[in-house]
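To keep things clear, I will list the structure first and then write my remarks on it.
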Amino acid sequence: MIYLELFLTFLRIGAFSFGGGYGMISLIREETLAHGWLTEDTLLNMIAVAESTPGPIAVNMATFVGSSQGGVLGAAIATLGVVLPSFIIILIIAMARRGLMKYAGVKAFLGGIRPCVVGLILATAATMLLSRVGGFGDLATLREIGLTALDLRGAAILAILALTALAIRKLAKKPASPILLILLSAVMGVILYIP
């Protein structure tokens, strides 16, 4: 039954992900591709939409996948599955928070998890970059590296965004607004990708 499968899949994602929504992207990617719920292109588009809409990215992604597989009920079930573990864990931490951080084991656990979270986020970002800009669908394709697979428009957008962010940081002495960069990339996408 699709509803039970959605709930258990997103419950597992919510229970075994650390680092918030961005840490969940790699697990959501693996699970949705493995189940055949989304294609790589649909997933990348969904990440872009989930990032630009209000709310946590993992919740938005779970809602989208659930909706695509089971309608409104599927969206509600997938969303419940992804938030339930965090909700329970936060309730437990809130009840025990006063004395929890004094234990060396808790500090060591959190210290060990941080690099893993960064690694998951970077691995997902690298995979998405290679897929979207480089045109490589999987790691096996990396053996056939060539400029014929390079999406020059995607690479141009990435370069312009990076240069814009660096220029704003240098001139304004503060980081570029993510909203500005999202809007700039959307405008460039319309200009460069509409035939």
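Quick notes
- Cα-only radius of gyration and Dmax that characterise the stretch 48-95, units Å: 12.1, 37
- Potential extension, Val118-His35 segment - 0.36 nm per residue separation minus Cα distance: 27.3 nm
- At 1.306 mPa s and 10 °C, Stokes diffusion of the chain via Kirkwood alpha-carbon radius, µm² per second: 84 µm²/s
- FRET efficiency, 1/(1 + (r/R0)^6) with R0 35 Å, evaluated for Ile182 and Leu84 via beta carbons: 0.75
- Net dipole in debye of the chain [+1 Lys, Arg Cβ; -1 Asp, Glu Cβ; about Cα centre; nearest 20]: 1140 debye
- Computed E for Ala96/Ser68 - FRET, C-beta separation, R0 41 angstrom, nearest 0.05: 0.60
- Cβ crowding within 10 Å averaged over residues, with 176-189, 38-51 ranked highest first: 38-51, 176-189
- The spacing between the stretch 44-110 and the stretch 6-31, judged by their C-alpha centroids, is 8 Å.
- Additional length obtainable on full extension of the chain from Leu192 to Leu163, 0.36 nm per residue less Cα span: 8.7 nm
- In terms of Cα atoms, the Rg and Dmax of the stretch 1-105 work out to 14.8, 46 Å.
- Couplings 3J(HN,Hα) of the stretch 58-72, computed from phi: 5, 5, 4, 5, 4, 4, 5, 4, x, 5, 5, 9, x, x, 5 Hz, in residue order, whole Hz [Karplus 6.51 cos²θ - 1.76 cosθ + 1.60, θ = phi - 60°; x for Gly and Pro].
FYI, it's all coordinate maths here, none of it is from the lab. Values in this document were obtained by computation on a predicted structure and should not be read as measured data. Using ideal geometry, Cβ is built from the backbone for each residue, glycine included, and neighbour counts are taken over all protein chains shown.
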